[in-house]
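First up is the structure itself, then whatever we jot down about it.
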Amino acid sequence: QVQLVESGGGLVQSGGSLRLSCAASGRTFSGYTMGWFRQAPGKERDFVAAISWTSGSTYYADSVKGRFTISRHNARNTVYLQMNSLKPEDTAVYYCAARVGNAIVIVTTLYDYWGQGTQVTVSS
């Protein structure tokens with residue numbers, strides 16, 4: 001059974017940084033794609049970034065490109081989201097997700113496993 005556990009969320013001032021972690025367990029993740037999504041109150045869950053576990057290829061939403069970096073640590077089975085130059089509009093619950101396959105996709109329904117989420121709040 002695949003389990004994803006996010007951590008690292010919190011309260012930060014505008015312009016600050018946070019690093020989210022997603023600890024993955026239950027199998028080896030070669031051949032999987034890992035993604036980060038976020039959901040603000042009253043809004044849909046939106047794609048943020050994704051990484052192919054095997055190749056390391058990445059893809060970002062336009063809103064975070066140049067500010068956020070997704071990475072993975074193979075030995076730790078962990079995916080990270082480094083978030084810099086944070087803005088109040090980045091405030092949301094951030095979710096880690098995993099899907100079988102190397103293709104990077106941005107649609108939530110194509111991901112097979114989800115974590116419980118971690119709150120990120122950026123104050124102005």
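Positive end of the charge dipole of the chain (Lys, Arg +1 and Asp, Glu -1 on Cβ, about the Cα centre): tell me which of SER30, THR91, ALA75 has its Cα farthest that way. My answer, from the dipole projection, is ALA75. With θ taken as phi - 60° and the Karplus curve 6.51 cos²θ - 1.76 cosθ + 1.60 applied, the whole-hertz 3J(HN,Hα) list for region 64-73 is 10, 4, x, 10, 10, 9, 9, 8, 9, 10 Hz, x standing for glycine and proline.
Only protein atoms count toward the accessible area here, which uses a 1.4 Å probe; on the chain, the carbon and sulfur part of that area reaches 47 percent. Here region 42-116 is assigned +1 on the Cβ of each Lys and Arg and -1 on the Cβ of each Asp and Glu. Its dipole about the Cα centre then comes out at about 200 debye. The ALA61 and THR109 beta-carbon pair, evaluated with R₀ = 22 Å, returns a calculated FRET efficiency of approximately 0.85.
How many Å² of accessible area per residue for the chain, probe 1.4 Å? Ligands and nucleic acids excluded, the figure is 50 Å² per residue.
In order along region 43-55, the phi-based Karplus estimate (6.51 cos²θ - 1.76 cosθ + 1.60, θ = phi - 60°) of 3J(HN,Hα) comes to 10, 6, 6, 10, 5, 10, 7, 8, 9, 7, 4, 6, 8 Hz; Gly and Pro are listed as x. Comparing GLY35, GLY101, GLY66 in a Gaussian network model of the chain, where Cα atoms under 10 Å apart are tied by springs, the biggest mean-square fluctuation is seen for GLY66.
The values are calculated or read from the model by the stated rules, or taken from the named source; none is laboratory data. Since we're looking at a predicted model, the values are computed, not measured. Note: ideal-geometry Cβ built from the backbone for every residue, glycine included; neighbour counts use all protein chains shown. All accessible areas refer to the heavy atoms of the entire protein, side chains included, with ligands and DNA or RNA removed. Shrake-Rupley method; radii C 1.70, N 1.55, O 1.52, S 1.80 Å.
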